[in-house]
Each structure stands twice: as C-alpha cells, then as structure tokens.
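Here's the structure, in structure tokens; my notes come after.
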Amino acid sequence: MSTPTTFWRLAGMSYTQYVTRAATALRNGLKEPAKTQAMRNEALSYNSATWAGGKAGSKKPVQVLSEAGL
Amino acid sequence: TDQKFFTMMQNTILRRAAAPLLRRTFSSAPEAAASGMTLNFSLPSETIYAGAKVSQVIVPGAAGEYGVTADHVPVVAQLQAGVLQIMHEGSNEAEKYFVAGGFSITHPNSVTDISCPEAVKIDDIDSAAVSSAFEAAKSAFAAAEAGSADQALAQIDMEVNKAMGSAVGLSL
C-alpha cells in the first residue's frame with residue numbers, strides 16, 4: 001500500500017468505516033420522524049464463513065471485523 | 001500499369017465505401033446537448049432517481065464542489081458531506097439533498113451515477129442537534145490522542161456536523 005494521506009487512513013480506518021461513520025453522524029442530526037426512519041438503516045451485522053475447497057464453511061455472527069480476521 | 005490502376009480503383013472504392021461508416025462514429029455536438037444528462041442517484045436503502053433526465057447536478061466533491069451538465073468530461077469524484085443540488089429540466093429551483101459522502105461518476109455518454117450511504121432533505125436536519133453534536137465532537141477531538149482512532153472519529157463527526165450546519169444556515 002502507498003503512504004496513507006487522509007486522516008482516517010492514518011488512523012487505521014478503511015473507507016467503508018469512514019463513510020459509515022459519516023452516515024451515522026448525519027442520521028444523529030435529524031428531526032423526527034426522519035430520524036426514526038433513518039435509524040432503521042443504521043443496523044449493521046456481519047456473518048463470517050471460511051471457504052475451503054470451493055465450499056463455504058458454516059456462518060457465524062461476528063461483532064467486530066477483527067474477530068473474523070480482517 | 002493496368003494492374004496498378006485497377007488496384008488504385010479498388011482502394012478508392014473501398015475507401016469511399018468505408019467513409020459513410022467512419023462518418024457515423026463522430027457524434028454531432030448539437031444532438032448530444034439536446035439529449036441532456038441522465039441522473040442515477042441511489043442509496044443502499046433506496047433508489048432516489050433512476051434514469052432521470054435533469055439539466056444540471058451540483059456535486060459536493062471532496063476536492064471541491066462542481067457542476068455537471070450534458071457532455072461534461074468524464075469524472076470520478078469522491079464526495080464529502082455536503083449539499084447535492086439537482087436542477088430538473090424546466091425548473092429554476094434546485095432540489096437539494098444533504099449527503100454524507102459517497103461517489104459520483106460521470107460517464108462519457110452524459111450519464112451520472114451518484115451513490116451515497118445516506119441522503120436527507122435539508123428540512124429534516126435538526127439545527128439544535130447539529131450544534132450540540134458539533135460541540136461534543138470538538139471536545140472529543142481535543143481530548144483524544146493525536147492520530148488515534150478516537151480522534152479520527154471525532155474529526156468525522158465534526159466535519160459532517162459542520163457541513164450540516166452550513167446547509168441549514170449555521171456557522172459552526
């Protein structure tokens with residue numbers, strides 16, 4: 001990877017983490033009823049599955065991406 | 001020399017036959033401008049516009065705000081938190097959305113694809129919530145260790161809230 005230049009890269013964040021945080025900040029600054037509606041889009045969950053020999057292993061829910069080895 | 005003449009004739013005929021095909025590959029500028037620009041604007045949760053014919057879009061690029069009309073040079077731009085303005089055909093008033101970030105890609109055929117994680121109408125922004133969130137983020141930024149993840153998160157919050165504030169007329 002080339003030298004990171006943005007503050008979020010330097011702090012170890014990926015673009016997805018950066019933009020998701022920005023979306024969260026946006027949703028927190030809304031009036032009702034827009035806020036409740038937007039908060040529904042806030043929920044994020046991850047499942048991790050390890051592939052071996054062309055087949056996916058069983059999925060397990062993962063709280064943080066680092067648990068999945070990412 | 002007969003052979004040469006015959007070859008020359010053949011080449012001329014082939015060239016003349018190819019010419020109309022070659023002419024068709026040039027686009028005529030008036031035709032392209034008349035067709036206008038097409039906007040595809042979507043979020044993960046919904047598609048706001050698909051194939052909409054608009055006259056202009058003003059995009060909050062991370063490297064600066066810019067406007068896109070028909071025949072704009074192709075560009076890929078990362079967006080910053082800011083206001084996206086859509087000028088519909090036959091209207092002077094822009095339709096505004098506040099976007100959190102994302103990407104805008106303008107193609108050579110005057111189609112612009114804008115993809116954002118979240119977009120809201122300016123009217124849905126709560127000024128009081130934005131001011132207090134900005135102040136909280138500012139303190140968190142000052143309190144955090146330089147270059148840490150916490151400081152980066154606080155900086156993101158500050159930038160987004162500041163942009164939201166300016167969208168509703170606050171100067172934070």
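The values are calculated or read from the model by the stated rules, or taken from the named source; none is laboratory data. Keep in mind that this is a model prediction, so the values were computed, not measured. Please note: Cβ atoms are built from the backbone with ideal geometry, for glycine as well, and neighbour counts cover all protein chains shown. Please note that ligands, DNA and RNA were not included when accessible areas were found on the heavy atoms of the full protein model with its side chains. Shrake-Rupley method; radii C 1.70, N 1.55, O 1.52, S 1.80 Å.
Peptide A:7-16 has a mean shielding of 4, counted as Cβ atoms of other protein chains within 10 Å of each residue's Cβ. Multiplying the residue separation of B:D2 and B:E135 by 0.36 nm and subtracting their alpha-carbon distance yields 38.8 nm. The alpha-carbon positions of chain A define a convex hull whose volume is 129 Å³ per residue.
In terms of the mean number of neighbouring beta-carbon atoms within 10 Å, the peptides A:35-45, B:74-84 order highest first as B:74-84, A:35-45. For B:H88, the solvent-accessible surface computed with a 1.4 Å probe is close to 50 Å², ligands and nucleic acids excluded.
Each residue of region A:29-42 was assigned a 3J(HN,Hα) from its phi angle through the Karplus expression (A = 6.51, B = -1.76, C = 1.60, θ = phi - 60°), giving x, 9, 8, 6, x, 4, 5, 4, 5, 5, 5, 5, 7, 6 Hz with x at Gly and Pro. Under a 5 Å amide H cut-off, with hydrogens placed 1.01 Å from N, B:S55 pairs with B:M87, B:H88, B:E89 among residues at least 5 apart or on other chains. Under a 5 Å amide H cut-off, with hydrogens placed 1.01 Å from N, B:G102 pairs with B:L79 among residues at least 5 apart or on other chains.
In chain B, the calculated helix contribution to ellipticity at 222 nm averages -13000 deg cm²/dmol per residue, counting -39,500 (n - 2.57) for every DSSP H run with n ≥ 4.
Calculate, in nm to one decimal, what A:S2 and A:S58 gain on full extension: separation in residues at 0.36 nm each, minus their alpha carbon distance. Contour length minus the Cα-Cα distance gives 16.6 nm. Overall, the accessible surface of chain A at a probe of 1.4 angstrom is composed of carbon and sulfur to the extent of 55 percent. For chain B, the per residue solvent-accessible surface stands at 57 Å², with DNA, RNA and ligands left out and a 1.4 Å probe.
Surface composition of region B:58-145: carbon plus sulfur atoms hold 53% of the accessible area, using a 1.4 angstrom probe and ignoring ligands, DNA and RNA. In straight-distance terms, cross-link reach from B:K96 covers every one of the lysines whose alpha-carbon lies under 19 Å from its own, apart from those fewer than eight places away in the same chain; here that gives A:K31, A:K35, B:K53, B:K121, B:K162.
Accessible surface for chain A, divided over its residues, is 72 Å² per residue with a 1.4 Å probe.
For region B:118-128, the Karplus equation 6.51 cos²θ - 1.76 cosθ + 1.60, evaluated at θ = phi - 60°, returns couplings of 7, 8, 9, 7, 4, 4, 7, 7, 9, 4, 5 Hz by residue, with Gly and Pro reported as x. Calculated over chain B, the projected area of the Cα convex hull averaged across directions stands at 16.2 nm². In this Cβ point-charge picture (+1 for Lys and Arg, -1 for Asp and Glu), the protein assembly as shown has a dipole of about 1000 debye about its Cα centre.
Could you please state, rounded to a whole Å, how far the C-alpha centre of region A:18-70 is from the C-alpha centre of region B:55-82? Comparing the Cα centres of region A:18-70 and region B:55-82, I get a distance of 28 Å. Here the spin labels are modelled as points 7 Å beyond Cα on the Cα-Cβ line, and at B:I122 and A:S48 they lie 4.5 nm apart. Chain B contacts chain A over a buried accessible area of about 2000 Å², both sides summed; the probe is 1.4 Å and only protein chains count.
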